[in-house]
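Below you'll find the structure, written out as C-alpha cells, and then a few comments.
The values are calculated or read from the model by the stated rules, or taken from the named source; none is laboratory data. Quantities reported herein were computed from a predicted structural model and do not represent experimental measurements. Quick reminder, even Gly has a Cβ in these numbers, built from the backbone with ideal geometry, and neighbours come from all protein chains shown. The area values use the complete protein model at the heavy-atom level, side chains included, leaving out ligands, DNA and RNA. Shrake-Rupley method; radii C 1.70, N 1.55, O 1.52, S 1.80 Å.
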Amino acid sequence: MKKFVSFLVVILASSMFLAACSSSNESNGESSDDDKVVIDFFHRWPNEPRKSFYDEKIAEFEKQHPNVKINVDSVLNDSYKEKIKVLVSNDDLPDVFTSWSDTFAANLVSSDRIMELNEIMAEDTEWSGNIIESQYAGFTFDDVTYGIPFTVDGKAFFYNKQIFEENNIEVPRSYDELIDALDQLKKAGYETPLVEGLTNGWAISHYMGTIFDRVIANDVLIKDYNVETGEYTDPGYIRGLEIFKELTTYMGDVSTAIDHEAARNMFAAGEVPVLYMQFAEVGYVQDAGDVEFGFFNFPEVEDGDGRPKSLTGAPEGWMLSKNAPPEAVEFLKFLTSEETAKEFTKADGQLNAIKGGVTEETSNPTSLEAYQIILDASDATPWFDNAVDISIADVFMRGGQELATNQTTPEEIMAKVQEAAAKLRNQ
C-alpha cells in the first residue's frame, strides 16, 4: 500500500509539473501547433536557390509570428500549372500562391475564388505604393487588383556597344532611327545586323505583340484580344505586319533556319550587333561570351496610334485565396516587402517589382541598366502568345514565318486571323 501511495504521489507531482510547464509556455506567448493559424503556401521553385530562399523566409516569418504555422508545397512549372488548375476547380486553393499575370491570372480570377486586394492596398499605401505601378496591370481586371507583382521581366533590343561606338551609331529613339542604324551597320560590313531565331514561333509573337502595341490604340487591342469581341479589322495590324516584314529583311536567311538560342549565341560571340531579347537572358549572354552590351526599348513608331513607351514583359506575383486568414495577408506583405526584395535579387539575380529592391548593392551594372528601362516604361505589354487565344497566336506565328520567306502577305495573314476570330466569337 505504501508503495502504491508513493506511486500516486509521483504521478500527481509529474502532472502538476507538466501543467505548470504548459502554463509557463502560454504565459511566454508560445502555443502548440494545434493552436496556431495555418497558412498553406504554394510556389513553383523546388530547386535552388529559390527553394532555400523561401524556406528561410518562412522560418523568419514564423519566428516573428509565433501563432502562425506555414505549410509549404512546391513543384516545377508545368506541374504547377496543372496542380493549381485542379486546386481551383476543387475549391481547395492554398492561402498564398504564385501566379503568372494576364491570361493565366484572369483564368484563376474567373473562378471567383481569388481574394480582391483593392481594399487591402488602400489601407496600407506605404506597402502597396512601394510597388512599380505599371506592373499591377497584369493582375488587374475590371479595375480590381487580384495579385501583387514581384518578379519582373522585359523585352528590349540588346546591342553591342563596341560596334555602335566604332561606327558612330546612336541608340535609336524612333523606328525610323532604328532602320537608319541597321542600314549603317550593313554599310559597315554586317550583312545580318539584326538576328532572330524565327523557327521559334514565340519569338515572332513577341515582336508582333510589341509592334501592335506601338501602332494600334490600346482600347482596340483590349477588344480584339478578348475572344468574345475580337475582330482584328483595324488597319494597324497590316501596318504592324509590314513593319515586322521590313525588320526580317535585315535578319538574313540564317534567321529562318535557327532557333532563338542559336541567335543569342551569335550575339554573345559578337557576330551580330542587335538582338531582341528578354532581360532574363542577360546571364546567358554573359556566360556565353564577353561582349559589352546595352539595351533600348522597341522605339516609338511615328504616327502610331498605340503606346510609344510601353514595355513588353509580364510580371509574376502572389495571389490569395478568397478564404485566406488575415495572417496570410501579412505574409503576402512580408513576401513583397523592400527587405525581402533586396535579399531575393541579391540571392537569385532576378529583377523584382519592389521600389528599392534592385540597387547597386543587390545587382550588377548591366542588370541595373535593364531595370531602368522597366522603370521608364509607361505600361507593361503582356506576351502576345499569352494575351490572345492560342488559335489566333498560331495564325500570327505561322504567318510571321511565311512572311519572312516571302510566302504570304500581311493581307492574307489578317484574313486568316479574322476567320479564326469569327469562329471564337460564334462558339
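Tell me which of these Thr408 doesn't satisfy, since it passes every other one: (1) over 16 Å from the mean Cα position of the chain (by Cα); (2) buried (at least 22 other Cβ atoms within 10 Å of the Cβ); (3) of a type in the set (S, T, N, Q).
Going through the list (1) over 16 Å from the mean Cα position of the chain (by Cα); (2) buried (at least 22 other Cβ atoms within 10 Å of the Cβ); (3) of a type in the set (S, T, N, Q), Thr408 breaks only (2).
Out of (1) in contact with a Ser or Thr (Cβ under 9 Å, 6 or more places away or on another chain); (2) open to solvent by less than 40 Å² (accessible area, probe 1.4 Å), what's the single condition that is false for Ile211?
(1)
Given the options Asp305, Asp287, name the one that is within 26 Å of the chain's Cα centre (by Cα) and modelled with pLDDT of 95 or more. Give the steps one after another, and end with the answer.
Values: Asp287 fails: modelled with pLDDT of 95 or more.
After applying the criteria, what remains is Asp305.
For the stretch 329-347, which residues satisfy the criterion of being in contact (Cβ under 8 Å) with a residue 60 or more places away in the chain and hydroxyl-bearing (Ser, Thr, Tyr)? Can you show your working first?
Keep residues of the stretch 329-347 that are in contact (Cβ under 8 Å) with a residue 60 or more places away in the chain, which gives 329-338, 340-341, 343-344, 347.
Passing the criteria: Thr336, Ser337, Thr340.
Restricting to the stretch 200-239, what's the tally of residues that are part of a helix (DSSP H, G or I) and polar (S, T, N, Q)?
Of all residues in the stretch 200-239, those part of a helix (DSSP H, G or I) come to 201-215, 218-225, 236-239.
From what is left, the residues that are polar (S, T, N, Q) are 205, 210, 218.
Summing the residues that are part of a helix (DSSP H, G or I) and polar (S, T, N, Q) in the stretch 200-239 gives 3.
For residues that are of a type outside the set (A, V, I, L, M, F, W, C) and touching a helix residue (DSSP H, G or I) at 6+ places or on another chain (Cβ under 8 Å), scanning just the stretch 65-80, find the one that is least open to solvent (accessible area, probe 1.4 Å).
Taking the stretch 65-80 first, the residues of a type outside the set (A, V, I, L, M, F, W, C) are 65-67, 69, 71, 73-74, 77-80.
Filter once more, so that each one left must be touching a helix residue (DSSP H, G or I) at 6+ places or on another chain (Cβ under 8 Å): 65, 67, 69, 74.
Details: His65: 54, Asn67: 67, Lys69: 75, Ser74: 33 Å².
Applying the filter and picking the extreme gives Ser74.
Which one of these does Tyr159 not meet: (1) modelled with pLDDT of 95 or more; (2) assigned to a loop (DSSP other than H, G, I, E, B); (3) open to solvent by 10 Å² or more (accessible area, probe 1.4 Å); (4) within 24 Å of Trp383 (Cα to Cα)?
Just one mismatch for Tyr159, condition (2).
Please go through the stretch 356-384 and give me each residue that is under 16 Å from the mean Cα position of the chain (by Cα) and open to solvent by 40 Å² or more (accessible area, probe 1.4 Å), ordered by number.
The answer is Leu375, Asp379.
Listed here are the residues, each with its yes/no results for (1) in contact (Cβ under 8 Å) with a residue 40 or more places away in the chain; (2) aromatic (Phe, Trp, Tyr); (3) more than 23 Å from Gly289 (Cα to Cα).
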residue: Met208; (1), (2), (3): yes, no, yes
residue: Asp259; (1), (2), (3): yes, no, no
residue: Ala262; (1), (2), (3): yes, no, no
residue: Asn265; (1), (2), (3): no, no, no
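Looking at the stretch 348-368, can you tell me whether even one residue there is out of contact with any helix residue (DSSP H, G or I) (no Cβ under 9 Å at 6 or more places or on another chain) and either of a type in the set (A, V, I, L, M, F, W, C) or in contact (Cβ under 8 Å) with a residue 12 or more places away in the chain (or both)?
Quick first cut of the stretch 348-368, residues out of contact with any helix residue (DSSP H, G or I) (no Cβ under 9 Å at 6 or more places or on another chain) only: 365, 368.
Then drop every residue that is not either of a type in the set (A, V, I, L, M, F, W, C) or in contact (Cβ under 8 Å) with a residue 12 or more places away in the chain (or both), which leaves 368.
Within the stretch 348-368, one or more residues are out of contact with any helix residue (DSSP H, G or I) (no Cβ under 9 Å at 6 or more places or on another chain) and either of a type in the set (A, V, I, L, M, F, W, C) or in contact (Cβ under 8 Å) with a residue 12 or more places away in the chain (or both).
Cβ-Cβ under 9 Å, sequence separation 6+ or interchain: first residue in the stretch 162-186 and on the phi > 0 side of the Ramachandran plot, partner at pLDDT 95 or above and among the polar types (S, T, N, Q). Which pairs?
Within 9 Å, the pairs are Asn168/Gln184.
If you take the residues of the stretch 136-150 that are touching a residue at least 60 places away in the same chain (Cβ under 8 Å) and in contact with a helix residue (DSSP H, G or I) (Cβ under 8 Å, 6 or more places away or on another chain), which of them is surrounded by the fewest Cβ atoms within 10 Å (Cβ to Cβ)?
Step one: of the stretch 136-150, the residues touching a residue at least 60 places away in the same chain (Cβ under 8 Å) are 137-139, 146-150.
After this cut, where a residue has to be in contact with a helix residue (DSSP H, G or I) (Cβ under 8 Å, 6 or more places away or on another chain) as well, the list is 138-139, 146-150.
Details: Gly138: 28, Phe139: 26, Tyr146: 21, Gly147: 30, Ile148: 26, Pro149: 27, Phe150: 23.
Ranking the qualifying residues of the stretch 136-150, first place goes to Tyr146.
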